Amino acid sequence: MASEEQLSAIKGAKVLMVGAGGIGCELLKTLALSGFEDIHIIDMDTIEVSNLNRQFLFRQKHVGQSKAKVAREAVLKFRPHIKITPYHANVKDPEFNVDFFKQFNVVLNGLDNLDARRHVNRLCLASGAPLVESGTTGFLGQVTVHVKGKTECYECQSKPAPKTYPVCTITSTPTKFVHCIVWAKDLLFAKLFGNKNQENDLNVRSTDASSSSEHSEDVFERRADEDFEQYGRRIYDHVFGYNIEVALRNEETWKNRNKPRPVYTRDVLPLRPVGQNGNKDKASTGDPSSVSAMASLGLKNPQDLWSLKENSEVFLEALRFFFLKREKEIGQLGFDKDDQLAVEFVTSAANIRAASFGIPLHSLFEAKGIAGNIVHAVATTNAIIAGLIVLEAIKVLQNDVKSYRMTYCLEHPSRKMLLMPVEPFEPNKSCYVCSETPLTLEINTHRSKLRDFVEKIVEAKLGMSLPLIMHGVALLYEVGDDLEEDEVANYAANLDKVLSELPSPVTGGTILTVEDLQQELKCSINIKHREEFDEEKEPDGMVLSGWTPALAAEKTKTSDNGPSSSNASQTVPLESEDNDEIEIILKDPEILAAGKKRKSSDVSVAVDSEIFSVTGGMLTKRKVEEDDSHNDIVMVDGNLDPNKKKMVQ
């Protein structure tokens with residue numbers, strides 16, 4: 001039972017929840033049943049069928065509706081006297097500024113992506129609002145407390161980040177099935193069914209003057225005299241046959257690699273007589289969104305491994321159905337893991353490409369998991385984590401700093417314990433977010449444009465939404481709704497200028513000030529000119545140091561944000577979509593009791609892809625790297641300066 005003091009703190013608290021998904025549903029229920037009476041929820045998502053197995057506040061009839069609003073309605077049915085305010089919006093919207101956050105006694109995160117987490121962390125720092133973070137992956141979970149000036153902030157330590165691959169690997173030299181998935185989803189699917197005018201580095205045309213006119217034109221344009229079968233076969237032959245032949249002409253590329261095998265429809269599928277459709281009509285009636293190439297071809301089990309012939313049939317059938325039954329959507333389609341036809345197309349295309357490059361094929365079930373970033377969530381883990389969030393929130397409301405705990409939920413009991421509490425740490429003095437430590441950027445100032453700096457550093461790495469960039473007193477770039485037309489035009493023109501040719505030139509030794517007015521975050525970046533970069537190891541063509549770099553997370557999958565534009569150093573991102581931020585490893589620990597310090601030297605917790613070993617009340621750190629070929633954890637020994645990271649006493 002809660003004490004009178006706790007009940008008083010709970011009843012008088014104004015709480016902000018960010019996220020109403022897997023953790024959010026459990027959290028809202030637990031908050032309501034614990035006595036909280038003023039809860040605000042922000043979530044931009046709508047309910048999908050795939051949410052229903054674990055997000056228990058939602059039902060089939062709610063599919064397509066706002067998660068925040070439906071969650072409110074569901075909880076008010078059993079707690080009608082409390083106040084729940086839903087916002088069907090993005091937490092990064094301007095209305096959710098520092099002043100908005102100041103009204104809350106505590107902020108509770110149940111988010112599913114790194115970018116939004118960083119944004120909320122910064123608003124909490126600026127507003128002084130305590131933050132309780134959380135995340136789950138299968139049976140693993142974590143809850144951490146972040147209070148300005150008392151504990152480290154969310155960004156004091158590195159986090160798993162989207163795995164990126166150079167485009168040359170995706171388009172020319174794939175070695176893993178995930179490379180084929182990225183190619184099929186972000187390049188081929190996007191080019192066929194998304195914006196045809198986009199540049200995405202898909203090798204679809206030949207610039208060889210000796211090539212036939214068939215390959216010098218845009219092969220994705222369907223000819224007036226073509227039926228869907230002919231069109232599909234031409235696309236197939238071009239991307240799986242002709243393009244591979246073109247790639248093989250570069251003998252240098254294949255000196256130390258296995259050569260791919262061109263695949264043409266004539267080698268896999270016999271020509272079908274016009275009008276021979278088999279079972280096609282059975283799968284082409286009713287709701288266009290329910291059309292299935294698998295059903296049409298009599299393929300029933302998504303866990304079966306299709307042959308090259310079957311993959312080729314699914315590819316052609318799926319393409320045919322898109323143009324026959326969903327023609328109105330073509331030109332604006334993006335990959336959706338709940339779109340059966342899209343999953344079938346991507347699976348078959350990835351498998352055909354994999355067969356060409358000697359990569360093992362995968363079932364539709366496996367391919368869907370990779371393409372859609374499906375982490376098989378466990379509702380029980382979400383419930384446990386939600387309970388821990390509320391416990392930490394109550395401690396925060398009582399300002400019980402000594403009782404704060406970062407708690408990790410384990411998959412397997414250790415000494416009959418499934419929960420491992422660890423005392424939080426002091427702020428990292430090297431953190432550029434909460435300690436304003438200057439950063440250093442190595443960049444070719446004579447080649448890189450301001451746009452490259454904004455997109456790859458300011459937005460992608462620093463996570464700023466409304467950046468302002470200054471060189472001394474000169475304003476180089478700004479984003480905002482209150483800008484005059486001439487200012488917008490001037491900043492837009494600056495974006496396409498090389499750094500050294502800006503009105504206030506940026507060269508080696510320059511110090512840039514980058515600020516986000518919405519997040520109330522400012523940092524200084526020392527520019528260091530560098531001529532050359534390794535395209536494989538440094539695909540961005542620039543290197544930022546002095547910050548907490550994100551560690552590559554191989555398990556994360558592709559983003560649905562559409563393909564990136566073409567440039568020489570482009571990478572294809574694989575962005576996490578679920579709450580997967582942790583990996584926990586125990587080596588026969590001796591845990592005395594919940595809340596007490598561990599005394600054994602062999603307790604290791606991998607927090608956000610770093611291993612912390614408890615030794616005499618202090619934690620030492622070793623980086624965790626993932627072998628690209630397997631899911632095994634590879635630990636690389638390293639040292640952590642104890643002066644930089646201490647437990648909060």
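The values are calculated or read from the model by the stated rules, or taken from the named source; none is laboratory data. Only a predicted model underlies this, so the values are computations on that prediction, with no experimental measurement involved. Here the Cβ positions follow ideal geometry from the backbone for every residue, glycine too, while neighbour counts run over all protein chains shown. Ligands, DNA and RNA are stripped out before the accessible areas are found, and what is left, the full protein with its side chains, is counted by its heavy atoms. Shrake-Rupley method; radii C 1.70, N 1.55, O 1.52, S 1.80 Å.
Can you give the extra length, in nm with one decimal, that the chain gains between A474 and D115 once fully stretched, where that is 0.36 nm per residue apart less the Cα-Cα distance?
126.4 nm
Considering only protein heavy atoms, what per residue accessible area in square angstrom results for the stretch 29-111 with a 1.4 angstrom probe?
So the stretch 29-111 comes to 46 Å² accessible per residue, rounded to a whole number.
Full extension of the chain between K77 and R530 yields a length gain of 156.9 nm, computed as 0.36 nm times the residue separation minus the alpha carbon distance.
Among 292-299, 75-82, what's the highest-first ranking by average C-beta atoms within 10 angstrom per residue?
292-299, 75-82
Packing here is the average count of other Cβ atoms within 10 Å per residue, and on that basis the peptides 223-233, 333-343, highest first, run 333-343, 223-233. Each peptide among 258-264, 133-139 gets the average number of other Cβ atoms lying within 10 Å of its residues, and from highest to lowest they stand as 133-139, 258-264. Remark: the stretch 77-91, residue by residue, has Karplus-estimated 3J(HN,Hα) of 5, 10, 9, x, 7, 8, 9, 10, 10, x, 10, 8, 7, 8, 4 Hz, where x stands for each Gly or Pro and the curve is 6.51 cos²θ - 1.76 cosθ + 1.60 at θ = phi - 60°. The fraction of all Cα pairs in the stretch 316-408 landing in successive 10 Å bins from 0 to the largest distance is 13, 27, 19, 14, 15, 10, 1, given as whole percents. For F56, no residue whose modelled amide H falls within less than 5 Å of its own remains once neighbours fewer than 5 places apart on the same chain are excluded. For the stretch 457-497, a simple Cβ point-charge model (Lys and Arg +1, Asp and Glu -1, everything else neutral) yields a dipole of about 400 debye relative to the Cα centre. At an R0 of 35 angstrom, the distance between the Cβ atoms of S363 and L324 translates into a FRET efficiency of 0.85.
Length gained on full extension, E221 to Q303, computed as 0.36 nm times the residue gap minus the Cα-Cα distance: 26.1 nm. Solvent-accessible surface of protein heavy atoms, probed at 1.4 angstrom with all chains present, puts D452, D486, D304 in the order D486, D304, D452, largest first.
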